[in-house]
Amino acid sequence: MSLHKGTKEEITKKFQLHEKDTGSADVQIALLTERIAELTEHLKINTKDHATRLALLKLVGQRRRLLDYLNSTDTQRYQALITKLKLRR
């Protein structure tokens with residue numbers, strides 16, 4: 001269950017820091033957030049899909065680590081990203 005190519009490109013363009021940026025922490029966090037939202041919707045329907053639940057927990061942990069890294073390196077970018085993605089923190 002990965003993101004469609006068009007969705008991925010759209011998110012990348014929205015959160016990139018410069019024209020050729022595809023892998024900054026901002027972009028990675030935004031892509032992870034989108035995948036987490038999709039998996040959450042999937043699990044609302046398929047409550048016994050434990051493999052997907054495990055994958056969701058791994059993605060949440062990965063996003064948490066990236067957010068912690070961004071917070072320790074550039075707090076203003078972190079705050080802007082949190083508000084842009086509407087994440088609780």
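Restricting Arg88, Arg65, Arg77 to residues that are part of a loop (DSSP other than H, G, I, E, B) and more than 20 Å from Lys8 (Cα to Cα) narrows the list to Arg88. Looking only at residues of the range 56-72 that are farther than 10 Å from Ile29 by Cα and without any contact (Cβ under 8 Å) to a residue 24 or more places away in the chain, we find that the one that is surrounded by the most Cβ atoms within 10 Å (Cβ to Cβ) is Leu56.
Taking each residue of the range 6-21 that is touching a residue at least 40 places away in the same chain (Cβ under 8 Å) and looking for partners that are among the acidic types (Asp, Glu) with beta-carbon atoms closer than 8 Å, six or more apart or interchain, yields Phe15/Asp26.
Scanning the range 1-35 for residues that are outside any loop (DSSP other than H, G, I, E, B), among the polar types (S, T, N, Q) and closer than 25 Å to Asn46 by Cβ, we see that the one that is modelled with the highest pLDDT is Thr33. Restricting attention to the range 36-50, the residues that are of a type in the set (D, E, K, R) and part of a helix (DSSP H, G or I) add up to 3.
Tell me yes or no: at least one residue of the range 37-55 is at pLDDT 95 or above, loosely packed, with under 14 Cβ neighbours inside 10 Å and under 22 Å from Lys13 (Cα atoms). The answer is yes, given that some residue of the range 37-55 is at pLDDT 95 or above, loosely packed, with under 14 Cβ neighbours inside 10 Å and under 22 Å from Lys13 (Cα atoms).
The values are calculated or read from the model by the stated rules, or taken from the named source; none is laboratory data. Keep in mind it's a predicted model, so treat the numbers as computed, not measured. We place every Cβ from the backbone using ideal geometry, glycine too, and count neighbours over all the protein chains shown.
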